[in-house]
Amino acid sequence: MSLNIQKIWSPLVSERSAIAKDKFNQYTFKVDPRTNKTEIKQEIERLFKVKVEKVRTSNYDGKLRRLAAGRPEGRKVAWKKAIVTLKEGQKINLEQELS
């Protein structure tokens, strides 16, 4: 994919992702649905200067949202979740990297 798009949207910080980070060295990101696993791996390695072992993804459809009276329903943006496993000894400090 040679489109000039922002592939990594944001990290997903939740209790579940914090446990995965501590136990399994896995980081969770919200990514563009058009990106594939190879592109996600390359982008994470480029942005954070780490070595990625494995990438798992899952797609999420945008939810329907009701708008003001008299207007049609809207839809939130579809997105993809990427769970990135880093190689042994690698670490991402999200607080420093994203500020």
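Which of the residues spanning the stretch 1-23 are free of Cβ contacts under 8 Å to residues at least 60 places away in the same chain and assigned to a loop (DSSP other than H, G, I, E, B)?
Listed by number, the residues that qualify are Met1, Ser2, Leu3, Asn4, Ile5, Gln6, Lys7, Ser14.
Name the pairs whose Cβ atoms lie under 9 Å apart, with the first residue in the stretch 24-37 and assigned to a helix (DSSP H, G or I), the second small (Gly, Ala, Ser), and 6 or more positions between them or separate chains?
Lys37/Ala82
Kindly provide the set of residues from the stretch 52-84 that are part of a strand (DSSP E or B), surrounded by fewer than 10 Cβ atoms within 10 Å (Cβ to Cβ) and among the charged types (D, E, K, R), ordered by number. I'd like the intermediate steps shown before the answer.
Residues of the stretch 52-84 that are part of a strand (DSSP E or B), as a first pass: 52-60, 64-65, 74-75, 79-84.
Now narrow it down to the ones that are surrounded by fewer than 10 Cβ atoms within 10 Å (Cβ to Cβ): 58-59, 64-65.
Correct list: Arg65 only.
Show the residue pairs that are 6+ apart or on different chains and have beta-carbon atoms under 7 Å apart, the first residue being within the stretch 77-91 and closer than 13 Å to Phe48 by Cβ, the second being among the acidic types (Asp, Glu) and open to solvent by 40 Å² or more (accessible area, probe 1.4 Å).
Going by the 7 Å Cβ cut-off, the qualifying pairs are Leu86/Glu53; Lys87/Glu53.
Can you find a residue that is on the phi > 0 side of the Ramachandran plot and either at pLDDT 90 or above or not charged (D, E, K, R) (or both) anywhere in the stretch 22-34?
First, the residues of the stretch 22-34 that are on the phi > 0 side of the Ramachandran plot: 25.
Now narrow it down to the ones that are either at pLDDT 90 or above or not charged (D, E, K, R) (or both): 25.
Yes; the residues of the stretch 22-34 include at least one that is on the phi > 0 side of the Ramachandran plot and either at pLDDT 90 or above or not charged (D, E, K, R) (or both).
Out of all the residues in the stretch 38-51, which are assigned to a helix (DSSP H, G or I), more than 24 Å from Ala78 (Cα to Cα), open to solvent by 70 Å² or more (accessible area, probe 1.4 Å) and touching a residue at least 12 places away in the same chain (Cβ under 8 Å)? First the steps, then the outcome.
Taking the stretch 38-51 and keeping what is assigned to a helix (DSSP H, G or I), we get 38-48.
Retained after the next criterion (residues that are more than 24 Å from Ala78 (Cα to Cα)): 45-46, 48.
Of the ones still in play, those that are also open to solvent by 70 Å² or more (accessible area, probe 1.4 Å) are 46.
Listed by number, the list is empty, since nothing qualifies.
The values are calculated or read from the model by the stated rules, or taken from the named source; none is laboratory data. Bear in mind that the values here come from a model prediction, so they are computed numbers and not experimental data. Glycine gets a Cβ as well: all are built from the backbone with ideal geometry, and neighbour counts include every protein chain shown. Just the protein is used for accessible areas: all its heavy atoms, side chains included, with ligands, DNA and RNA removed. Shrake-Rupley method; radii C 1.70, N 1.55, O 1.52, S 1.80 Å.
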